[in-house]
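Data block below; observations after.
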Amino acid sequence: MGGGDPCGSPPLFFFLIVRSIVTDVGEGPTTSENAEKKPASRYTEDDFETLISDEQIRSRVVELGAEITKDYAGRQNELVVVGVLKGCMLFMADLIRHIDLPLACDFLRVSSYEGGMRSTGVVRFEFDLTQTIKNKDVLLVEDIIDTGLTAGFLIKNLGIREPASLKIASLLHKPARTRTPVEIDYLGFTIEDKFVIGYGLDLAGLYRNKREILALRPDRA
């Protein structure tokens with residue numbers, strides 16, 4: 001693309017324009033109106049209960065890896081797994097180890113949360129891909145898709161870079177929050193409209209290292 005960088009990314013002015021028109025965007029942890037009244041820093045691990053166990057997660061990741069392996073087997077294009085940081089890190093690390101195919105990994109990071117439980121309403125690109133994805137099969141890995149705004153934005157953004165194919169794998173989907181429908185090709189679990197942490201998802205930067213998915217207890221909201 002003329003004016004782009006060597007990795008095939010759109011020129012800088014594209015991101016500036018998009019940032020100026022996209023508002024109220026963000027995946028990641030969302031919660032009920034009642035829970036938002038309490039500062040994120042006031043919650044502790046005791047305010048949460050197990051929603052999805054470590055065993056359930058591991059079993060589902062194995063299944064997803066096998067499904068992805070089957071779908072991409074025999075394709076001639078290079079497979080690039082793109083993680084959306086930071087929440088994807090545990091899910092992606094486990095998932096790629098169950099994809100029995102040659103693949104490359106890359107990452108991007110967009111941010112609309114400032115250490116809390118609610119989107120700031122402004123998306124910031126903190127860094128972009130380090131390689132071109134033109135004529136490659138791209139699998140975008142998310143921790144959670146709720147409103148669909150960020151995922152939809154990324155699909156459009158990556159789509160203009162001319163990949164051979166572009167699909168989404170998400171650990172969690174929260175359909176009650178949907179504002180922009182997004183097709184999720186590989187889904188771990190559908191959950192209710194609950195604030196969740198663990199297995200890569202955080203609260204004010206904490207609890208990403210929990211092995212299970214924890215949900216805010218109704219009596220603590």
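The values are calculated or read from the model by the stated rules, or taken from the named source; none is laboratory data. Owing to the predicted nature of the structure, the values given are computational and were not obtained by experimental measurement. For neighbour counting, all protein chains shown are included, and Cβ atoms are generated from backbone atoms with ideal geometry for every residue, glycine included.
Using the structure shown, decide if SER119 is crowded, with 21+ Cβ neighbours inside 10 Å, more than 26 Å from VAL61 (Cα to Cα) and either modelled with pLDDT of 95 or more or of a type outside the set (Asp, Glu) (or both). Spelling it out, SER119 is indeed crowded, with 21+ Cβ neighbours inside 10 Å, more than 26 Å from VAL61 (Cα to Cα) and either modelled with pLDDT of 95 or more or of a type outside the set (Asp, Glu) (or both). Only one of the numbered conditions (1) at pLDDT 90 or above; (2) farther than 22 Å from ARG208 by Cα is not met by PHE153, and that is (1).
Among the residues of segment 65-86, not one is assigned to a strand (DSSP E or B) and more than 21 Å from the chain's Cα centre (by Cα).
Exactly one condition in (1) farther than 22 Å from ILE99 by Cβ; (2) assigned to a strand (DSSP E or B); (3) modelled with pLDDT of 95 or more is false for PHE125; which is it? Evaluating PHE125 over (1) farther than 22 Å from ILE99 by Cβ; (2) assigned to a strand (DSSP E or B); (3) modelled with pLDDT of 95 or more leaves (3) as the failure. Test LEU203 against the stated conditions and say whether it is farther than 20 Å from GLY148 by Cβ and touching a helix residue (DSSP H, G or I) at 6+ places or on another chain (Cβ under 9 Å). Yes.
Within segment 186-205, is there a residue that is part of a loop (DSSP other than H, G, I, E, B), aliphatic (A, V, I, L, M), within 12 Å of the chain's Cα centre (by Cα) and crowded, with 16+ Cβ neighbours inside 10 Å? Checked segment 186-205: no residue is part of a loop (DSSP other than H, G, I, E, B), aliphatic (A, V, I, L, M), within 12 Å of the chain's Cα centre (by Cα) and crowded, with 16+ Cβ neighbours inside 10 Å.
Which of the residues spanning segment 156-184 are of a type outside the set (Lys, Arg) and under 19 Å from MET89 (Cα atoms)? Before the answer, list the steps.
The first filter runs over segment 156-184 and keeps only residues of a type outside the set (Lys, Arg), leaving 157-160, 162-166, 168-173, 175-176, 178, 180-184.
Scanning segment 156-184 gives ILE168, ALA169, SER170, LEU171, LEU172, HIS173, ILE184.
In segment 157-181, the residues that are on the phi > 0 side of the Ramachandran plot form Cβ pairs under 9 Å with partners that are of a type in the set (A, V, I, L, M, F, W, C), at six or more places apart or across chains, as follows: GLU162/MET1; GLU162/ILE133. Among the residues here, LEU51 qualifies as more than 25 Å from GLU162 (Cα to Cα), touching a strand residue (DSSP E or B) at 6+ places or on another chain (Cβ under 7 Å) and at pLDDT 90 or above. Would a scan of segment 158-167 turn up a residue that is in a strand (DSSP E or B), within 20 Å of ALA73 (Cβ to Cβ) and not charged (D, E, K, R)? The answer is yes; a qualifying residue exists. Would segment 39-60 turn up any residue that is touching a Gly at 6+ places or on another chain (Cβ under 8 Å), under 26 Å from ALA204 (Cα atoms), exposed (fewer than 14 other Cβ atoms within 10 Å of the Cβ) and not aromatic (Phe, Trp, Tyr)? Within segment 39-60 (the criterion being touching a Gly at 6+ places or on another chain (Cβ under 8 Å), under 26 Å from ALA204 (Cα atoms), exposed (fewer than 14 other Cβ atoms within 10 Å of the Cβ) and not aromatic (Phe, Trp, Tyr)), the answer is yes, since at least one residue qualifies.
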